[in-house]
Amino acid sequence: MKLKKYEGNPILKPTGKGDWEKVAVLNPGVWRENGTVYMLYRASGEIEDYRIYFGLATSKDGYSFKRVSDKPVFGPTEGEYDGGCVEDARIVKFGEYFYVTYAFRFFPPGMFWKKKTPRPPADAPITVRKNLSRSGLLRSKDLKKFERLGPITPDNIDDRDAVIFPEKINGRYIMMHRPAEWVGPEYGCEKPSIWIAFSEDMLNWDGNSLLAQSVFEWESAKIGAGPPPIKTAQGWLVIYHGVDNKRIYGTGVMMLDLNDPRKVIARAPDSIMLPEAEFETTGIEHDVVFPTANIIIDGKILVYYGGADIVCCVAEVPLKELVDYVLSFPVKP
């Protein structure tokens, strides 16, 4: 099966002007509450330094969005651990607070394909010296003003795609993440994979274990988490991304055990979404559909994704249909 892409895609495009969202808007975190859909999107005004910010847009129907401000609601602060860029928000809510996981770098990523990075001191952490990604956590009551709670991944590895489950399980917070260097025989995987960890406070994570690794051809280079999991009666529905050896990004789906999410109980072998339209195949990065958020409206899952690192898009599927589909591919214990 395939997700049905919205005919009006892209739902948010770069402005073509200004200094912070002129060139790209992508990879949004999305939340629906009291009839309003909030989209916290990633934005950049240029690609030479490629400094990256968050903007906010809202919608009543989940398809037609309007920006709430002509300024970013959050951005990098020079000298902070996330002084170069803030990327790829994923949103959950506990009590009165939204908690936003995001990727960051100490310096702007610049034209990373040309390895353009500043030269920090030799004794700086490797993530600073090589300008690698880490993951951080924000807290907010309105998605307009944010409090930095700190990094949530180590300072010695490239670790992004951090996604927190929307509720505690057995009294603990659960997080999926993708530590790029955790590969090899000692880690049980050959390519960057999805790992799962546990926490009492959302800041200190332990009990790391390998959750899922590349298995199928469409995800042969690496996989990583997508939107926050959706709780169903049958298990935790997880939509994730994969990359093949030609750097083509696709979208997959798996189901985790409801009480022990370290167990994958079902996983579809084929991608449920691949890049097809020009705004998905041609952009800052080619051939990218990158899912980062999902909400449920009238029994349908709306999956929000970035196209070619330049626009925001949405696709949909009935929740029951996707659950039945993935459960048709059970994973043997």
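Every number in this text was worked out from the coordinates using simple rules, so none of it is lab data. None of the values given here were measured: they were computed from a predicted structure. Quick reminder, even Gly has a Cβ in these numbers, built from the backbone with ideal geometry, and neighbours come from all protein chains shown.
Tabulated data
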| read-out | value |
| --- | --- |
| Where trypsin sites (Lys or Arg not before Pro) fall in DSSP loop in the stretch 1-89, at most 10 other Cβ within 10 Å | Lys17 |
| Unit Cα scatterers, Debye sum, the stretch 1-89: log10 I(q)/I(0) for q = 0.17, 0.18 Å⁻¹ | -0.73, -0.80 |
| Phi-based couplings in Hz for the stretch 139-154 (Karplus 6.51, -1.76, 1.60; Gly and Pro marked x) | 10, 7, 9, 9, 6, 10, 10, 10, 10, 6, 9, x, x, 10, 10, x |
| Too-long pairs where the Cα-Cα distance tops 29 Å, listed order kept, from Lys71/Lys93; Lys5/Lys231; Lys141/Lys191 | Lys141/Lys191 |
| GluC sites (Glu not before Pro) restricted to the stretch 102-186 and DSSP loop, no more than 10 other C-beta within 10 Å | Glu186 |
| For the stretch 240-251, 3J(HN,Hα) per residue [Karplus equation, 6.51 cos²θ - 1.76 cosθ + 1.60, θ = phi - 60°, Hz, x = Gly/Pro] | 9, 10, x, 10, 8, 6, 9, 6, 8, 8, x, 10 |
| Mean Cα-pair separation over length for the stretch 18-81, i.e. relative contact order, pairs under 8 Å, 6 or more apart, % | 27 |
